[in-house]
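Step one of this worksheet: look at the structure below.
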Amino acid sequence: MQLTIQNLSKTYSNGVQALRDVSLNIPQGMFGLLGPNGAGKSTLMRTIATLQDADSGSITLDGIDVLQDKQAVRECLGYLPQDFGLYPRINAETMLNHIAQMKGIGNARERKDLVSFLLNRVNLYKDRKKALGTYSGGMRQRFGIAQALVGSPRLIIVDEPTAGLDPSERNRFYNLLSEIGENTIVILSTHIVEDVNTLCSNMAIICMGEVLMQGKPHDGLAEV
Ligand code: ADP
Ligand code: ADP
């Protein structure tokens, strides 16, 4: 698995140049996209997730032209946006079952097994009957990961997932993410250096729409 981004540029209609000639090679495993607020991280994540178009450049995922063949990308994508909303009155089990059903996964029995598996994985099984509106910030983020994992995606994008989590919630979230990286590409966008140092095998720093460096964590973090 390999995601290749070449010369990607995007200027919004208000004149803000959010991406300037961005080129990145993202291999399997956890990849950290580190940059301050306004750097262009969300724009890049939304573009990879096929939710937004670029002005120029290309993105390739294992031979798939991401900017053209959006459906093929969506079928293997798990996306956890920043500030995603949850239906406050629905419980976790019901919500995950709905998502699996919408994705056309299995029969009722298979979905029940999948939902239990995912809830165990994110450590929310005992809270599965609680309304999502009662969840803490850390529980919400872990539930978001469970949502993103429905359908066994090979590419997972998580946008600023640890913002607003306290240290113990953040650690639980780290443990969860580090288990997921195996046969997938996980792109973690964050402005928190510790997220990248703790979790990522490869990383890039982006600032004002430009890639400043890419390499291993610790290589260039003094530049941030
Ligand atoms: P696009 O260029 O992709 O079509 P839009 O022009 O539809 O984007 O964006 C609509 C408007 O939303 C922009 O003109 C801008 O004023 C506003 N906007 C939305 N999000 C932001 C943001 N994060 N920063 C600044 N402006 C924003
Ligand atoms: P980050 O995720 O790193 O905070 P963003 O991709 O959200 O960065 O934003 C990059 C730049 O583009 C910022 O200057 C932001 O205000 C601007 N921006 C983001 N979305 C829009 C939009 N829809 N319309 C206009 N400007 C936007």
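The values are calculated or read from the model by the stated rules, or taken from the named source; none is laboratory data. Since the model is a prediction, treat every value here as computed from it, not as a measurement. Every residue, glycine among them, receives a Cβ derived from its backbone with ideal geometry; neighbour counts consider all protein chains shown. The area values use the complete protein model at the heavy-atom level, side chains included, leaving out ligands, DNA and RNA. Shrake-Rupley method; radii C 1.70, N 1.55, O 1.52, S 1.80 Å.
Assorted remarks:
- Using only side-chain charges placed at the Cβ, +1 for Lys and Arg and -1 for Asp and Glu, the dipole size of the range 1-155 relative to its Cα centre rounds to 820 debye.
- Summarising the amide proton neighbourhood of residue 56: residues at separation of 5 or more, or on other chains, whose placed amide H is nearer than 5 Å comprise 9.
- Dimensions (Å) - the chain, Cα atoms, principal axes, largest first: 47, 38, 35
- Antiparallel DSSP beta bridges within the chain, percent to nearest 5: 50
- The residues of the chain expose on average 47 square angstrom of accessible surface per residue, using a 1.4 Å probe on protein heavy atoms.
- Span from the the range 8-35 Cα centroid across to the the range 130-179 one, whole angstrom: 23
- Taking the longest Cα principal axis of the chain as reference, the axis of helix 108-121 is set at about 60 degrees.
- Karplus 3J(HN,Hα) series, Hz, for the range 138-146 with 6.51 cos²θ - 1.76 cosθ + 1.60 (x for Gly, Pro): x, 5, 4, 5, 5, 5, x, 5, 4
- Projected over all directions and averaged, the alpha-carbon convex hull of the range 127-224 occupies 7.3 nm².
- Modelled FRET efficiency - R0 35 Å, residue 213 with residue 123, Cβ distances, 0.05 increments: 0.50
- In the chain, the sites counted are GluC sites (Glu not before Pro) in DSSP loop states with at most 14 other Cβ atoms within 10 Å, and the longest stretch holding none of them, exclusive of the sites, is 76-181.
- Secondary-structure-derived ellipticity at 222 nm for the chain, considering helices only, amounts to -9500 deg cm²/dmol, per-run term -39500 (n - 2.57) for DSSP H runs with n ≥ 4.
- 3J(HN,Hα) from dihedral phi, the range 204-218, Karplus parametrisation 6.51/-1.76/1.60, rounded to Hz, x for glycine, proline: 9, 10, 10, 8, 6, x, 10, 7, 8, 7, 9, x, 8, x, 6
- Carbon/sulfur fraction of accessible area - the range 47-118, other protein chains in place, 1.4 Å, %: 50
- Summing +1 for each Lys or Arg and -1 for each Asp or Glu among the other residues whose beta-carbon sits under 11 angstrom from that of residue 144 gives 0.
- 56, 168, ranked by accessible area, largest first (probe 1.4 Å): 168, 56
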